[in-house]
Structure formats: C-alpha cells, structure tokens
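Here's the structure, in structure tokens; my notes come after.
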Amino acid sequence: NITTALRVTWQPVENADGYIIYRRTANSTAWERIKKVAGQSKSYYSNIKLEPGTKYTYTVQSFCKVDGKVYYSTRGTNPVTAVTHLKTPGLKSATSVTYNQIKVVWTPVTNAQGYRIYRKEAGSGWRLIRRIPGEQKYYCIDSTAEPGKQYYYTVRSTCSWDGQLYLSPYDTKGIAGKASLGG
C-alpha cells in the first residue's frame, strides 16, 4: 500500500555495465530519462516521490563500456505500466441530519476520481451503498438509514486507468453514526 513509489524490475543483461531507466506518464508520449544505475547484476530501481493514483510506464536500456566507448542497447520493447495506490480517505464524522439521514464526511484524497461509501451494522459485513464521482467530494448523505439504528461507515477512493478500476484501502473499523428518532 505505497502511494508514492513503484519498483521497476528487469532481467539483468550479461556484460552490461549498467542500465538507464526511462519513464512516461499517461499524459505524455515522450520518454524521460530518470535514472542511470551501475552494475551488471542490478535488476531493479525504486522510483519514489510519485503522485498517488497515477499511471506510469517504464522501459529500461542497458549499456556497456568497451575501450572507453559506451554502447547502448535499444530501449526495452515491452514497456511496463503500473498505477500508484490511492490514499485511504480519513473518516471525519457520521452525524444525523434528519430522522432517516446520516451525513458521512471524509478527507478528500489527491488524484481520486471518485469515492465508494460502505455501510454495515454490528456483526455484519460491509455493503456498498453509494458511488460518488469527483476528486474534491468530501461527504455523502445516507438517506436509507433507519431512525435510531446505529451504523458504521467507511470510504474508499477510486481511480480508473485503461478501463480498470483501482480502489484504495479502507478503514476497517469505520466510523459510527446513528439517525435521529425525529422530533
């Protein structure tokens, strides 16, 4: 569950003196040289300080030095792609709005494209109750709550790349909320 780092691995090349790692983001077609690592047996690079919930593509090129001259392989023909994890939304509150409504509030997550809100009762499992689009959303109203009944809520941030949905981890304990009995 690392939100700001990815590890790129490759098969070491015999007689290589090192490798050059290139990266591009989903919004770019140009490769950016991000690191040169020395050593024939080197087989990975940890790319840190990345944006959460973002798609990155990598390729690697080997090089060797012979008689003072440097020779480069072609860049890898099979680039690899990965998406950094989204952060877990921080749960702030679950408070009664009216006799059958509970307002669930959380901390927005950078690069989230939406949120999924789950609810459970004591002794039961989590059940998805709402899907909310938008990065800057920070609350939802559960209008299906029974008055006087206690519920637990949790939230997952979401993003989608190339048709695949990515979900953040979630607070497994959740936050308690109870709709008022009216009045």
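The values are calculated or read from the model by the stated rules, or taken from the named source; none is laboratory data. Model, not experiment: these values are computed from the prediction. Using ideal geometry, Cβ is built from the backbone for each residue, glycine included, and neighbour counts are taken over all protein chains shown. The protein model used for the area step is the full one, side chains on, heavy atoms only, and it has no ligands, DNA or RNA in it. Shrake-Rupley method; radii C 1.70, N 1.55, O 1.52, S 1.80 Å.
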Task: Accessible area of the chain belonging to carbon and sulfur atoms, whole % at 1.4 Å probe - done: 47
Task: Too-long pairs where the Cα-Cα distance tops 27 Å, listed order kept, from Lys55/Lys92; Lys49/Lys173; Lys137/Lys173; Lys55/Lys137 - done: Lys55/Lys92; Lys49/Lys173
Task: Low-density loop positions, chymotrypsin sites (Phe, Trp or Tyr not before Pro), segment 43-115 - DSSP coil, at most 15 other Cβ in 10 Å - done: Tyr99
Open item on the list: Given Cα positions, please report Rg to Rh for segment 1-119, the hydrodynamic radius being the Kirkwood one.
Closed with: 1.23
Open item on the list: Could you give each residue of segment 172-178 its phi-based ³J(HN,Hα) in whole Hz, using Karplus coefficients 6.51, -1.76, 1.60 with θ = phi - 60°, and x for Gly or Pro?
Closed with: 6, 7, x, 10, 7, x, 9
- [ ] Starting with the highest mean, order 77-87, 123-133 by the number of other Cβ atoms within 10 Å, averaged over the residues of each peptide.
- [x] 77-87, 123-133
Task: For segment 39-183, accessible area per residue (1.4 Å probe, heavy atoms of protein chains only), Å² - done: 56
- [ ] Treating cross-link reach as a plain straight distance, find the lysines whose alpha-carbon is under 20 Å from the alpha-carbon of Lys65, omitting any fewer than eight places away in the same chain.
- [x] Lys35, Lys36, Lys42
- [ ] Find the relative contact order for the chain and round it to a whole percent, using C-alpha pairs within less than 8 Å whose residues are 6+ positions apart.
- [x] 20
- [ ] Add +1 for every Lys or Arg and -1 for every Asp or Glu among the other residues with Cβ under 12 Å from the Cβ of Gly18, and state the total.
- [x] +3
